[in-house]
Structures are given as structure tokens and as C-alpha cells.
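The values are calculated or read from the model by the stated rules, or taken from the named source; none is laboratory data. Since the model is a prediction, treat every value here as computed from it, not as a measurement. Glycine also receives a Cβ, built like all others from the backbone with ideal geometry; neighbour counts cover every protein chain displayed. The protein model used for the area step is the full one, side chains on, heavy atoms only, and it has no ligands, DNA or RNA in it. Shrake-Rupley method; radii C 1.70, N 1.55, O 1.52, S 1.80 Å.
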Amino acid sequence: MKEAEETGYAESINRRHLLSVIGGGATTALLGTGVGAAKPGHENGKSGNNGNHGNGNNGVGPCTCDGCPEGTFCGKIEGAPEEGETYTFESDGDSFSVTIESVTEKDGGEVTCFSFSTDDVVEQVCVKGGPDTKTYDDNPAEKEELCAPTNPGGQQAAISNVSFCGTGDDELECYQIDLVSGDVIKDFEKGGPYGDRKFEDFSVCEDGSNLEGLESSNDGQSVDGCELSWVGLGFDESDNTAEVDVTLESASSESCTVTLAGYLLPEGETKFNPKTLEEQEYRDHETVELSEGDSTTLEISLNG
């Protein structure tokens, strides 16, 4: 599923737009209540390159579609869509994104038609132009062009706004990340929990949301006779990696083994649950042997 907007990860690739969806959730969206504003600098879907291409009014209004199909919610671009831009819409933990592949302009630069692509599910698109709306509900992403209707005078109308009825194609993946003393456990059913071997652990979802329990730095914590300090412990949603810089401050033995390990949480869970520990799926780990005073960086990938 595409990443985007946006609550905690705006300013990502391709100048993604921060757009709110209709109302507060899917049910509200179907009723066609208000729409939130777009990201500052790209108000109401207007072009970031040429403000004359916006074709939108200054307000935001209800969903252009009369009602979205069951299981989808409505996201709206107020104004004409911009070529090359990716728009992401969110509602009640669901999200979908569309990328505008091309636009067609008439004399004067007004956008009349567009095409789009998506990795998610878009079941209906409603294009407003002039007093009328044209609805596309037969595989709209596969259409060569989606155009505003002709106006009463028979001329091609400019697009004033577009609504998409869609939903995310994939479940959001969430992870458990453990910084521990000793070797990795790949199967908790056979190896049991880490227990007192943990220096630190936290959970996070692939979009950076639902971050729970993270202590990103520590001046020194002792486990099994090994005093470890760390900085920069965290998760990078741009490439699905976790990383930490560690230093072995002191040790009761000649060396200490330190491991950073990552696991996929069971479907539907966003944070660690000891009752479902054995259902966690191993993804990656890095293990190092450190002597007193040694420092290193541990990095793992959470990709499946």
C-alpha cells in the first residue's frame, strides 16, 4: 500500500498532498458531509505549478458522488487534479492513494480530462464540471481518460473537482522490534520469550503510526552483566528498517552479545501482546559481539 499523508508522514516523495476525507469516517462520507482542507500551498487541489490551472473555488464541499459503494469511502480533490501528483485519502484507519498520470487541457490551460493509477481499490470516480457530474464506475483506473461532462452549450467543461470512492488494498503491517542481550529467537513457540534479556523493545506500524514503548536513547542499562548504552533507536517508514547505535559501556565478562531483531505482529494487532507472542513472524536480525568500549550500528529490514 502506498504511503502517504497525512497524519505523521507528510512531505514524503512526489510532493504528496495532505488531504482530508469526507467527514470523520466512512459512514459520514457516504452521507456527503464536509471535506477538510488540502495541504498549505496546494489549497483545494490547485496546481502547484500554475495557479490558473486550479479551476476550483475557495471552499470545500461534500463528496461529488451520490454515495460510495459498500466497503469504500470518499476522498475528494477540490479543483482540477495535477499531473504527476499523488493524492492520499484516509478514514478510520483505512487509506488509499491515486497518482495522476496525465491531464488534458483546453485552450486557456483548464483541465478537462485526466488518467490515474493506483495500487489500491478505486471503485468509482465522479468528475464535476459545470453544473453536471460524470460518474465512472466500471474499472475507472483502466480508462484511458476520465473527463468532465459537456456543458449545456455542448462544450467540454473544465474540471472543478473530483471524488474517488476507494479503500486500501492491503492490511497495514505492524512490527515488534527487540534490542536484547544474547542471540536471536526466530521461533517463540520453540524458543520462548526474551524475558529479562531485553534492553529495550517497541512496536510500530509500517507507516510510522502506533509507535508504542520506544526509548530512543539510554545512557546505560545492564542486562546479564552487560551495560549497554544506545542512541538513535527507531524505525524508518521510508524503507521499512530499524536502526540503533550501541556502545558496550562495561562487561562482567570478556565480551557481550547484542542483537537487534524484528518481527511481524499478528494480523490486526498494532502493538505487542504477550498472549500472541508465539504468532509473531520473524523478519530480520543483526547480532554483534562487543568488548568493553566497542561501538557499532545495528540495522534490520522489516520487509517480508
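Being out of contact with any Lys or Arg (no Cβ under 9 Å at 6 or more places or on another chain) and under 14 Å from Val127 (Cα atoms) is the filter here, so list the residues in the range 69-87 that pass it. Cys74, Gly75, Lys76, Ile77, Pro81, listed by residue number. Just so you know, in the range 96-111 the residues that are open to solvent by 10 Å² or more (accessible area, probe 1.4 Å) and in contact with a Ser or Thr (Cβ under 6 Å, 6 or more places away or on another chain) include one that is nearest to Glu269 (Cα to Cα), and it is Thr99.
Restricting to the range 172-186, name every residue that is open to solvent by 10 Å² or more (accessible area, probe 1.4 Å) and not small (Gly, Ala, Ser). Those that are open to solvent by 10 Å² or more (accessible area, probe 1.4 Å) and not small (Gly, Ala, Ser): Leu172, Glu173, Asp183, Val184, Ile185, Lys186. Does Val162 satisfy the condition of being within 24 Å of the chain's Cα centre (by Cα), open to solvent by less than 50 Å² (accessible area, probe 1.4 Å), under 18 Å from Asp66 (Cα atoms) and touching a residue at least 60 places away in the same chain (Cβ under 8 Å)? Spelling it out, Val162 is indeed within 24 Å of the chain's Cα centre (by Cα), open to solvent by less than 50 Å² (accessible area, probe 1.4 Å), under 18 Å from Asp66 (Cα atoms) and touching a residue at least 60 places away in the same chain (Cβ under 8 Å). Can you tell me which residue within the range 218-242, out of those that are exposed (fewer than 14 other Cβ atoms within 10 Å of the Cβ) and among the small types (Gly, Ala, Ser), is farthest from the chain's Cα centre (by Cα)? Once the filter is applied, the top-ranked residue is Gly225.
Okay, residues lined up against (1) part of a loop (DSSP other than H, G, I, E, B); (2) out of contact with any Gly (no Cβ under 6 Å at 6 or more places or on another chain); (3) not hydroxyl-bearing (Ser, Thr, Tyr):
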| site | (1), (2), (3) |
| --- | --- |
| Glu215 | yes, yes, yes |
| Ser222 | no, yes, no |
| Leu228 | no, yes, yes |
| Phe235 | no, yes, yes |
| Asp239 | yes, yes, yes |
| Ala242 | no, no, yes |
| Asp245 | no, no, yes |
| Leu248 | no, yes, yes |
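The condition of being closer than 30 Å to Ile100 by Cα and either among the aromatic types (Phe, Trp, Tyr) or open to solvent by less than 10 Å² (accessible area, probe 1.4 Å) (or both) does not hold for Cys147. Go through the range 65-80 and give me each residue that's surrounded by fewer than 24 Cβ atoms within 10 Å (Cβ to Cβ) and out of contact with any Asp or Glu (no Cβ under 6 Å at 6 or more places or on another chain). The answer is Asp66, Gly67, Glu70, Gly71. Residue-level check: of (1) modelled with pLDDT under 95; (2) assigned to a strand (DSSP E or B); (3) open to solvent by less than 20 Å² (accessible area, probe 1.4 Å), Glu90 misses just (3).
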